[in-house]
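The values are calculated or read from the model by the stated rules, or taken from the named source; none is laboratory data. Keep in mind it's a predicted model, so treat the numbers as computed, not measured. Neighbour counts are summed over all protein chains in view; Cβ atoms, including those assigned to glycine, are modelled from backbone coordinates with ideal geometry. In case anyone asks, the SASA skips ligands and DNA or RNA and just uses the protein heavy atoms, side chains included. Shrake-Rupley method; radii C 1.70, N 1.55, O 1.52, S 1.80 Å.
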Amino acid sequence: MKKMSERKVIDGDGLILGRLASTVAKRLLAGEAIDIVNSERIVVSGKRKMVIEREKEFLNVGGFGKGPIHHRQPHRMVRRTIRGMLPHRKSHGRDAFRRLRVHIGVPRELESAEKERIPEIHSSNLSRRFVSVGEIAESIGWKK
């Protein structure tokens, strides 16, 4: 069994969701334990109207008790995206997913921790428009 190391804290402010999810998934499978803070500030590339319409359309898929489950909170949306990039039905993928924690804002216990920034996947590198996960969540029914 792998030795559990210190938890890494990643600041999600301005990071691109898909690129963040793939990076974090690889690190989780490598055995790291990761906390993501400021999940409501993570961005999705695309025009605001188009991205929000796509999320609202997804809400019509399935039905009560049938699935899929539609998360409206930003931290759960980010967590679900990362889960999609893990083999979560196998034991090593399940163990990796358990090492992930996603937070709205910065919790008190993580305020003093050193937050890692990943400039390669920051939205400043995008040449197109983007919308934050918090805005998407509010438009599909998240109540702060």
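Of the numbered criteria (1) within 23 Å of residue 144 (Cβ to Cβ); (2) more than 10 Å from the chain's Cα centre (by Cα); (3) without any contact (Cβ under 8 Å) to a residue 12 or more places away in the chain; (4) open to solvent by 70 Å² or more (accessible area, probe 1.4 Å), the one residue 71 fails is (4). Among the residues of segment 117-128, are any in contact with a Phe, Trp or Tyr (Cβ under 7 Å, 6 or more places away or on another chain) and under 14 Å from residue 18 (Cβ atoms)? Yes, because at least one residue in segment 117-128 is in contact with a Phe, Trp or Tyr (Cβ under 7 Å, 6 or more places away or on another chain) and under 14 Å from residue 18 (Cβ atoms).
One residue stands out in segment 125-142 among those that are polar (S, T, N, Q) and buried (at least 16 other Cβ atoms within 10 Å of the Cβ): the one that is farthest from residue 15 (Cα to Cα), namely 139. Would you confirm, using the coordinates I've provided, whether residue 98 is at pLDDT 95 or above, surrounded by 13 or more Cβ atoms within 10 Å (Cβ to Cβ) and within 21 Å of residue 7 (Cβ to Cβ)? For residue 98, the condition - at pLDDT 95 or above, surrounded by 13 or more Cβ atoms within 10 Å (Cβ to Cβ) and within 21 Å of residue 7 (Cβ to Cβ) - is not met.
Taking the conditions (1) among the hydrophobic types (A, V, I, L, M, F, W, C); (2) open to solvent by less than 90 Å² (accessible area, probe 1.4 Å); (3) part of a helix (DSSP H, G or I) in turn, residue 61 satisfies each one other than (3).
Please find, within segment 101-124, the residue that is most open to solvent (accessible area, probe 1.4 Å) out of those that are over 21 Å from residue 81 (Cα atoms) and part of a helix (DSSP H, G or I). Applying the filter and picking the extreme gives 108.
Yes or no: segment 37-45 includes at least one residue that is out of contact with any helix residue (DSSP H, G or I) (no Cβ under 9 Å at 6 or more places or on another chain), in a loop (DSSP other than H, G, I, E, B), surrounded by 15 or more Cβ atoms within 10 Å (Cβ to Cβ) and touching a residue at least 12 places away in the same chain (Cβ under 8 Å). The answer is yes, given that some residue of segment 37-45 is out of contact with any helix residue (DSSP H, G or I) (no Cβ under 9 Å at 6 or more places or on another chain), in a loop (DSSP other than H, G, I, E, B), surrounded by 15 or more Cβ atoms within 10 Å (Cβ to Cβ) and touching a residue at least 12 places away in the same chain (Cβ under 8 Å).
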